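All remarks here apply to the structure that follows.
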Amino acid sequence: MNDNAAQPGAITSAELTSQPEIWSRALELPAEQLALLPSAGERVLVIGCGTSYYIGDSYANLRNDAGLGRTRAAIPSELNWVDDDEHIVVISRSGTTADVVTLVEKYRNTHTITAILGDVDTPLGQLCDRIIHLGFADEESVVQTRFATTVLTTFRSSIGAVSATLIEDARDALALALPADPAEVKHVVFLGHRWSVGLAYEAALKLRESAGAWTESYPVWEYQHGPISCAGPGTLVWMLGDLPDIVADDIRSTGAWVYENTLDPQANLVLAHRLAVALALIAGRNPDTPPFLNRSVLATS
């Protein structure tokens, strides 16, 4: 633990700041590791809880849009079926998430299962034969930042979907001014489209977990179908990607701030992580150890 760990948010801040370098390490994973992930033509089911589910949803949209095979993401407790030919990919930083462990135990003898883990000396590490170990991205903080984004970097690398500017965009996200003065922000809405919808859900979750903030997240074309009625002065509406002018104009008419940038949508998560820490400190919370949260949920559904 670093010397500044006693300061609220110090651990999370150090971990989120390390993301450009950690993502670079993910891009250097050997080909035999990436080959454990689904190949073109395979049907894929990505399993995860919370943050891991949102990252899985982003990967599913990227893979579907690339025409690489039907891909879906699911939460174990809400899973209705598993097709016989689905390659199951499980994501777990802790390697102990109870719902994921139960699912792997059920299907490990009938399906190909690949696990992406932060810790292999765990129940999932013992159950799974095909493992991509991202121990270099593991975290002390309860709230995930760099592990989740490193999983997404690995997914994107495996399907050739890493933008040329990703690492530099992440560095820029560490240097940019925050989209609004945190002291004046009352309400934050994240919008996404296709693969960035999962990122919008994840960004909103980070602000809720870290700061207890009022946050929402939607596909961009759904926002005007009701949720926009909550917007007004003190609302920050943040688009992860390109915001259509017609939507932007309607948002501005509410008195809300509209924010978008030219960064890779994934790099926007780094900026959102910074906002989460800032809002948490204003609220008197320690983003390293938010109330009622643990690194892993051990109770089964």
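The values are calculated or read from the model by the stated rules, or taken from the named source; none is laboratory data. Fair warning: this is a prediction, and the values are worked out from it, not measured in the lab. Because the Cβ atoms are built from the backbone with ideal geometry, glycine has one as well, and the counts that use them run over all protein chains shown. SASA here: full protein model, heavy atoms, side chains in, ligands and nucleic acids out. Shrake-Rupley method; radii C 1.70, N 1.55, O 1.52, S 1.80 Å.
Dipole of region 1-106, Cα-centred, from +1 at each Lys and Arg C-beta and -1 at each Asp and Glu C-beta, to the nearest 20 debye? Don't jump to the answer; show the numbers that get you there.
Details: 7 positive and 15 negative charges, 23 e Å.
Taking the Cα centre of region 1-106 as origin, the dipole is about 100 debye.
Each residue of region 21-27 is assigned a 3J(HN,Hα), and the resulting list reads 6, 5, 5, 4, 5, 5, 6 Hz, derived from the Karplus form 6.51 cos²θ - 1.76 cosθ + 1.60 (θ = phi - 60°), x at Gly and Pro. Within region 101-253, all pairs of alpha-carbon atoms sorted by distance into 10 Å bins from zero give the percentages 9, 30, 32, 20, 9, 1. The Rg/Rh ratio for region 115-195, using Cα coordinates for both the radius of gyration and the Kirkwood hydrodynamic radius, is 1.05. Considering all C-alpha pairs of region 30-188, those separated by over 26 Å amount to 28%.
Based on the Cα atoms of region 207-301, what semi-axes does the equivalent ellipsoid have, where each is the square root of 5 times one gyration tensor eigenvalue, given in whole Å with the largest first?
Details: eigenvalues 150, 46, 43 Å².
Each semi-axis is √(5λ); the values are 27, 15, 15 Å.
Computed over the alpha carbons of region 54-108, Rg followed by Dmax gives 11.8, 33 Å.
In order along region 99-115, the Karplus-derived 3J(HN,Hα) couplings, from 6.51 cos²θ - 1.76 cosθ + 1.60 at θ = phi - 60°, round to 4, 6, 4, 4, 5, 5, 4, 6, 10, 5, 9, 10, 9, 6, 10, 10, 10 Hz, and Gly and Pro are given as x. In this rough spin-label picture, where each label sits 7 Å from Cα along the Cβ direction, the LEU176-SER253 distance is 2.7 nm. For the peptides 53-64, 141-152, the ranking by mean Cβ contacts within 10 Å, running from highest to lowest, is 141-152, 53-64.
Taking the Cα centre of region 153-260 as the origin and placing charges on Cβ (Lys, Arg +1; Asp, Glu -1), which of ALA180, PRO233, TYR201 is farthest toward the positive end of the dipole? It is TYR201.
Taking the chain as a Gaussian network of alpha-carbon nodes connected by springs under 10 Å, the highest mean-square fluctuation of the residues LYS106, LYS186, LYS206 belongs to LYS106.
Two decimals, Cα atoms only, Kirkwood Rh: what is Rg/Rh over region 9-91? Provide the component values of the computation, followed by the final result.
Details: Rg = 15.0 Å, Rh = 14.4 Å.
When Rh is taken as the Kirkwood radius, the ratio is 1.04.
Nonpolar atom fraction for region 193-239, defined as the carbon and sulfur part of the 1.4 Å probe accessible area, stands at 58 percent. Dividing the helix sum by the residues of the chain, where each DSSP H run of 4 or more adds -39500 (n - 2.57), gives a mean residue ellipticity at 222 nm of -11500 deg cm²/dmol. Scanning residues 5 or more positions from ARG43 or on other chains, those with amide H under 5 Å from its amide H are HIS87, with H placed 1.01 Å from N in the peptide plane. Between ASN64 and TRP81, the simple label model (points 7 Å from Cα in the Cβ direction) yields a spacing of 1.6 nm. Length gained on full extension, ARG43 to SER229, computed as 0.36 nm times the residue gap minus the Cα-Cα distance: 63.0 nm. Sequence-ordered 3J(HN,Hα) estimates for region 46-61 from the Karplus curve with 6.51, -1.76 and 1.60 and θ = phi - 60° stand at 9, 10, x, 10, x, 3, 4, 5, 5, 5, x, 5, 4, 4, 4, 5 Hz, glycine and proline given as x. Taking amide H as placed 1.01 Å from N in the peptide plane, THR112 has its amide H under 5 Å from the amide H of ILE88, each at least 5 places away in sequence or on another chain. Between LEU34 and LYS186, full extension at 0.36 nm per residue minus the direct alpha carbon distance yields a gain of 50.5 nm.
Leaving out ligands and nucleic acids, note down the accessible area per residue over the chain with a 1.4 angstrom probe, in whole Å².
Value returned for the chain: 42 Å² of accessible area per residue.
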